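Values quoted throughout were computed directly from the atomic coordinates according to the rules given, and no laboratory measurement underlies them. For clarity, every value in this text was computed on a predicted model and none was experimentally measured. Note that we place each Cβ from the backbone using ideal geometry, even for glycine, and neighbour counts take in every protein chain shown.
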Amino acid sequence: MDIEEKIKEIEDEIRRTPYNKATAHHIGKLKAKLSKLREEAVSRTARKGKGFHVKKSGDATIVLVGFPSVGKSTLLNIITNAQAKVGEYQFTTLDVIPAIMEHKGARIQVLDIPGIIPGASKGKGRGREVLSVARNADLIVMIIDILDPNQRNIIIEELRNVGIRPDEKPPDIKVKRKKRGGIQVSATIQATHLNEQIIRSILNEYGIHNAEVILRDDATIDQFIDVIEGNRVYIPTLTIFNKMDLVDEEYVKKIQEEVPGSIFISAKEKINIDEVKEKIFEKLNLIRVYLKPQHGEPDYDEPLIIRKRSTVKDVCGKLHKDFIKKFRYARVWGKSVKFQGQKVGIDHILEDGDLITIITRR
């Protein structure tokens, strides 16, 4: 029996097994086995093929993910400097196409990957290699054919199967391995999905027989397994429904209610393209700050792009490491200070539009 057959066998058993208190530890054990097999399948693919390797550049990186012929390449050409091949047939994109989108002074790297198909995470259509590109993204943008909205559910499932957790945060769980003492479990919350028996079953499957487990989140079995695997990536997503010119307003409203926060566009007719750029900038949590020399005028033409909640230290680090070593203080004008030109320290948190002067030791 090959690895994919083993995976299917366990998936079928999980589906057949009713979930209750009596079966929870058995399901936990099955899910742990399933996760290990999927990891093994991914690592085998990585050893076999070259994969797709793209060096990150710009202020952030996003990946366009979607089925073949949903309009990814058309959208890429509109929002960036790319000239990707576009066609009315499947698998137009056969490699990863990198391009740069410029918006509000930010340079955002956009990667258009080959269209994925159901079963991509199991290797169909080089799917594992294609999806692995998304693991390094700061944002995953899903392009969905508005006439087939279920594509979104399939893509999310495929992403999950290669260790990506779309729009999730890492659970607050600590698993500290020890040399002896058995399994010790403590919780700061009332756990509704996990108990000591389930935790022991999962840990035993991973060959862990001595560990201290601390639960600070009401995590699920799957989330606990994610913590043990230790290689999950938690990435925000943006859903774009393309070809809105083919449907009426009532249809759009219905999908909007089902997928809040999604954007509706027509890449072909160039409808709502500016909204796409703005939403990407927003989802990446980017802000702009402006630099002002101590005895000069501020530079409003080239903002420094940083993430929300960034500090003066982050700005210093982006400019040159010597700014951190020789830092004395900074003066800030903008929304983050109580009065304009306020003197602040290196840990001061900046806001969008702030103007900053950094004073260093000579």
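Which net charge results when you count Lys and Arg as +1 and Asp and Glu as -1 among the other residues whose beta-carbon is under 15 Å from that of residue 152?
Numbers: positive: 72, 160, 243, 254; negative: 145, 148, 157, 158, 167, 257, 258.
Residues close to residue 152 contribute a combined charge of -3.
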*Of the listed pairs 36/174; 29/178; 8/254; 283/318; 8/72, which have alpha-carbon separations greater than 23 Å here?*
8/254; 8/72
_Dipole magnitude of segment 286-360, debye to nearest 20 (Cβ charges: Lys/Arg +1, Asp/Glu -1, about Cα centre)_ = 400 debye
_Most to least packed among 305-313, 14-22, 235-243, 317-325 [average Cβ atoms within 10 Å]_ = 235-243, 305-313, 317-325, 14-22
*First check a/c for segment 286-360, with a ≥ b ≥ c the square roots of the eigenvalues of its C-alpha gyration tensor; if it is under 1.5, answer rounded, and if not, answer prolate when a/b is larger than b/c or oblate otherwise.*
rounded
_Projecting each Cα onto the charge dipole of segment 286-360 (Lys/Arg +1, Asp/Glu -1 at the beta carbon, about the Cα centre), which of 300, 330, 289 comes out farthest on the positive side?_
330
*Convert each backbone phi in segment 210-218 into a coupling constant with the Karplus relation 6.51 cos²θ - 1.76 cosθ + 1.60 (shift: θ = phi - 60°), then list the ³J(HN,Hα) values in order as whole Hz, x for Gly and Pro.*
9, 6, 9, 10, 10, 9, 10, 10, 7
*Over its Cα atoms, what ratio of radius of gyration to 2.2 N^0.38 Å does segment 222-311 give?*
1.62
*How do 334-343, 204-213, 161-170 rank on mean C-beta neighbours within 10 Å, highest first?*
161-170, 204-213, 334-343
_Under a Cβ-only charge scheme (Lys and Arg +1, Asp and Glu -1), can you give me the dipole magnitude of the chain about the Cα centre, in debye to the nearest 20?_
2140 debye
*Return the aspartates and glutamates within reach of residue 313: Cα separation strictly under 14 angstrom, same-chain partners fewer than 8 residues apart disregarded; answer none if there are no such residues.*
322, 347, 351
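Where does segment 182-221 land on Rg(C-alpha)/(2.2 N^0.38 Å)? Don't jump to the answer; show the numbers that get you there.
Details: Rg = 9.7 Å, N = 40, 2.2 N^0.38 = 8.9 Å.
Relative to the rule-of-thumb radius for its length, segment 182-221 sits at 1.09.
Mind ordering 128-137, 295-304 by average Cβ neighbours within 10 Å, highest first?
128-137, 295-304
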*Mind sorting out which of (1) 0.97; (2) 1.03; (3) 0.99 is the real Rg/Rh (Cα atoms, Kirkwood Rh) computed from the coordinates?*
(2)
